[in-house]
1. For the structure I just gave you, tell me whether residue 115 is more than 17 Å from residue 20 (Cα to Cα), crowded, with 16+ Cβ neighbours inside 10 Å, modelled with pLDDT of 95 or more and touching a strand residue (DSSP E or B) at 6+ places or on another chain (Cβ under 7 Å).
2. Quick check on region 40-59. Is at least one of its residues at pLDDT 80 or above, surrounded by 13 or more Cβ atoms within 10 Å (Cβ to Cβ) and in contact with a helix residue (DSSP H, G or I) (Cβ under 6 Å, 6 or more places away or on another chain)?
3. Go through region 90-112 and give me each residue that's assigned to a strand (DSSP E or B) and over 13 Å from the mean Cα position of the chain (by Cα).
4. Given the condition at pLDDT below 95 and out of contact with any strand residue (DSSP E or B) (no Cβ under 8 Å at 6 or more places or on another chain), answer yes or no: does some residue in region 82-91 qualify?
5. Has region 64-81 got any residue that is closer than 20 Å to residue 13 by Cβ, modelled with pLDDT of 90 or more, touching a strand residue (DSSP E or B) at 6+ places or on another chain (Cβ under 8 Å) and not in a helix (DSSP H, G or I)?
6. With the requirement that a residue be within 15 Å of residue 34 (Cβ to Cβ) and touching a helix residue (DSSP H, G or I) at 6+ places or on another chain (Cβ under 7 Å), what does region 60-106 give you?
């Protein structure tokens, strides 16, 4: 994921930015809020070993990988949602996350789906 503002509309990459607009494109239509949601669990065995690493301090790589994968998955789902609604780009992109109980993590990617075209 990156601010893909240099990607032309209609190309293979799906333009996403945290900004409110793309400098070189015009927002022609707003299709509304788009999102991708993932709820993940570490699993008992991995969670057990990660718990020991957390006690020792430092980075817990099992959780880092889980969250990186979950963010990518949520981002992919958000793009799919945007395409279903007819968007060809997303502005105001954000991630959010929370815990559900003691073993589940929720990650949501969200933004505003838009149709962009060339500057006039």
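The values are calculated or read from the model by the stated rules, or taken from the named source; none is laboratory data. Please read these numbers as outputs of a predicted model, since none were measured by experiment. Note that we place each Cβ from the backbone using ideal geometry, even for glycine, and neighbour counts take in every protein chain shown.
1. So residue 115 fails the test.
2. Within region 40-59 (the criterion being at pLDDT 80 or above, surrounded by 13 or more Cβ atoms within 10 Å (Cβ to Cβ) and in contact with a helix residue (DSSP H, G or I) (Cβ under 6 Å, 6 or more places away or on another chain)), the answer is yes, since at least one residue qualifies.
3. The answer is 98, 99, 100, 104, 105.
4. The answer is no, given that none of the residues of region 82-91 is at pLDDT below 95 and out of contact with any strand residue (DSSP E or B) (no Cβ under 8 Å at 6 or more places or on another chain).
5. So far as region 64-81 goes, no, none of its residues is closer than 20 Å to residue 13 by Cβ, modelled with pLDDT of 90 or more, touching a strand residue (DSSP E or B) at 6+ places or on another chain (Cβ under 8 Å) and not in a helix (DSSP H, G or I).
6. 90, 95
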